[in-house]
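Undergrad: What follows is a single structure, and I will ask about it in a moment.
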Amino acid sequence: MAKILLNKENLFHNFRVISEQTGSVEKVAVVLKDNAYGHGLFEIATMAKEFGIKKAVVKSLDEALIIEKLFDDIVILAQKDIHTYSHAFHIAVNSLDAIKNLPENIKVHIKVDTGMHRNGVMPDELEEAFLGLSKKNIRITGVFTHHRSADELSTDFYWQKSVFTRVKEDVKKICEKLLLPIPAFHSCNSAALFRTSNFDEDFARVGIATYGYLDNAGIFKFPKLKPVMSLWANRLATREIKKGQSVGYGGTFTADKDMTVSTYDLGYGDGFLRLNERNSYTTPKGYKVLGRVSMDNLSLNTKDEEVCIFDDVEVLAKEHDTITYEITTTLSPFIKKEVV
């Protein structure tokens, strides 16, 4: 069976680098949404707890319930209907309209739209949000935003930071007026954290950097991180083909010499997406994917029993003209995972 290996030493290296940037491990919230970016929700959460991380961020209540006992605080980003609750859960409020559907006596983090124009209340709606939540005895434990261009060389990052600075001042005034405690503030994703000197917020939400990647890391001279995931496949069958014979659907690969070809138990049904046969992908050991990737298998020019398909997903992301996140989150959650 195909499998994903999770390198614990590399993960802990990344956590150390991140903790140095935030100033302490207490200021790190590990982002575990979408099955920990395809790495395995429970596996990564368990190792994060072992490292000493006490905060996590997930997409849904279902994800939060899986890791409830591992963290002190879990921010749930995209849950509208709350059918169960825990003292550790903090529900993101993504609009004023969402407030009316929230049950009483829960904890929330208000998301503020500082320029991404995706989710969040507008800065001039903050007092209305605080009043609406307070009337339902909902405890406001956090206020946050999200950067739209932290990984790009533009001034947008600094513009949004200045907007959120004003938001924080407004929130403090609202809390003083309503006799409410000041909530935690957080805005930094992975790239924003490493573009911030003297980090001074309550915590950072660190996603892709946890797993060893930062887009445009070279441009910004970010510290070296280490990929956590490697993907492996096992041999199904081997055959010797003659020069001129073709492999797979459409016969898009034709041998230019006699060669050994094997199929392996990994395909687009497992989330290893079909390669455009006009391009080519080579594994870390130098084997080439031959022709089209099938639903359940692919062909390589080797007969090794087990092959590492990738140990650095940036290479594959470039072939697909996409980002590392898309490659890892597309992988099937049913692929077996092992911590090494």
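Undergrad: Scan the stretch 120-139 and report the pairs whose first residue is touching a residue at least 40 places away in the same chain (Cβ under 8 Å) and whose second residue is of a type in the set (Asp, Glu), with Cβ atoms within less than 7 Å and a gap of 6+ or a chain change.
TA: 123/170; 126/170
Undergrad: While we're on this one: As an exercise: evaluate residue 271 against (1) free of Cβ contacts under 8 Å to residues at least 60 places away in the same chain; (2) touching a helix residue (DSSP H, G or I) at 6+ places or on another chain (Cβ under 7 Å); (3) under 30 Å from residue 245 (Cβ atoms) and give the number of the one condition it does not meet.
TA: (1)
Undergrad: Could you tell me whether residue 64 is under 23 Å from residue 329 (Cβ atoms) and within 24 Å of the chain's Cα centre (by Cα)?
TA: Spelling it out, residue 64 is indeed under 23 Å from residue 329 (Cβ atoms) and within 24 Å of the chain's Cα centre (by Cα).
Undergrad: With (1) of a type outside the set (Val, Ile, Thr); (2) on the phi < 0 side of the Ramachandran plot; (3) under 27 Å from the mean Cα position of the chain (by Cα); (4) assigned to a loop (DSSP other than H, G, I, E, B) as the list, and residue 269 as the residue in question, which single condition is left unmet?
TA: Of the numbered conditions (1) of a type outside the set (Val, Ile, Thr); (2) on the phi < 0 side of the Ramachandran plot; (3) under 27 Å from the mean Cα position of the chain (by Cα); (4) assigned to a loop (DSSP other than H, G, I, E, B), the odd one out for residue 269 is (4).
Undergrad: Please state which of the following conditions residue 5 fails to meet, knowing it meets all the rest: (1) under 30 Å from residue 298 (Cα atoms); (2) open to solvent by 60 Å² or more (accessible area, probe 1.4 Å).
TA: Only one criterion in (1) under 30 Å from residue 298 (Cα atoms); (2) open to solvent by 60 Å² or more (accessible area, probe 1.4 Å) is unmet by residue 5, namely (2).
Undergrad: Restricting the stretch 196-211 to residues that are out of contact with any His (no Cβ under 9 Å at 6 or more places or on another chain) and open to solvent by 30 Å² or more (accessible area, probe 1.4 Å), which is nearest to residue 33 (Cα to Cα)?
TA: The selected residue is 200.
Condition check ((1) surrounded by fewer than 19 Cβ atoms within 10 Å (Cβ to Cβ); (2) touching a residue at least 24 places away in the same chain (Cβ under 8 Å); (3) touching a Cys at 6+ places or on another chain (Cβ under 8 Å); (4) not in a strand (DSSP E or B)) across all residues:
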site: 213; (1), (2), (3), (4): no, yes, no, yes
site: 219; (1), (2), (3), (4): yes, yes, no, yes
site: 231; (1), (2), (3), (4): no, yes, yes, no
site: 238; (1), (2), (3), (4): yes, yes, no, no
site: 257; (1), (2), (3), (4): yes, no, no, yes
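Undergrad: Looking at 322, 329 in this structure, which one is open to solvent by 10 Å² or more (accessible area, probe 1.4 Å), of a type in the set (Val, Ile, Thr) and not in a loop (DSSP other than H, G, I, E, B)?
TA: Exactly one of 322, 329 is open to solvent by 10 Å² or more (accessible area, probe 1.4 Å), of a type in the set (Val, Ile, Thr) and not in a loop (DSSP other than H, G, I, E, B), namely 329.
Undergrad: So, in the stretch 166-185, of the ones that are part of a helix (DSSP H, G or I) and touching a strand residue (DSSP E or B) at 6+ places or on another chain (Cβ under 7 Å), which residue ends up farthest from residue 224 (Cα to Cα)?
TA: Among residues in the stretch 166-185 that are part of a helix (DSSP H, G or I) and touching a strand residue (DSSP E or B) at 6+ places or on another chain (Cβ under 7 Å), the one farthest from residue 224 (Cα to Cα) is 171.
Undergrad: Out of 214, 153, I need the residue that is at pLDDT below 95, closer than 18 Å to residue 30 by Cα and out of contact with any Lys or Arg (no Cβ under 6 Å at 6 or more places or on another chain). Which one?
TA: 214
Undergrad: Of the conditions (1) open to solvent by 10 Å² or more (accessible area, probe 1.4 Å); (2) part of a loop (DSSP other than H, G, I, E, B), residue 188 clears all except one; give me its number.
TA: Of (1) open to solvent by 10 Å² or more (accessible area, probe 1.4 Å); (2) part of a loop (DSSP other than H, G, I, E, B), only one is false for residue 188: (1).
Undergrad: Look at the stretch 141-162 and say how many of its residues are closer than 30 Å to residue 179 by Cβ and charged (D, E, K, R).
TA: Summing the residues that are closer than 30 Å to residue 179 by Cβ and charged (D, E, K, R) in the stretch 141-162 gives 1.
Undergrad: Another one. Can you pull out every residue in the stretch 140-157 that is open to solvent by 50 Å² or more (accessible area, probe 1.4 Å), free of Cβ contacts under 8 Å to residues at least 60 places away in the same chain and farther than 23 Å from residue 76 by Cβ?
TA: Once the filter is applied, which keeps residues that are open to solvent by 50 Å² or more (accessible area, probe 1.4 Å), free of Cβ contacts under 8 Å to residues at least 60 places away in the same chain and farther than 23 Å from residue 76 by Cβ, the stretch 140-157 yields only 155.
The values are calculated or read from the model by the stated rules, or taken from the named source; none is laboratory data. Note that this is a predicted model, so its numbers are computed, not measured. Here Cβ is always computed from backbone atoms with ideal geometry, including for glycine, and neighbour counts include all displayed protein chains. Just so you know, the surface numbers come from the protein's heavy atoms only, side chains and all, with ligands and any DNA or RNA stripped out. Shrake-Rupley method; radii C 1.70, N 1.55, O 1.52, S 1.80 Å.
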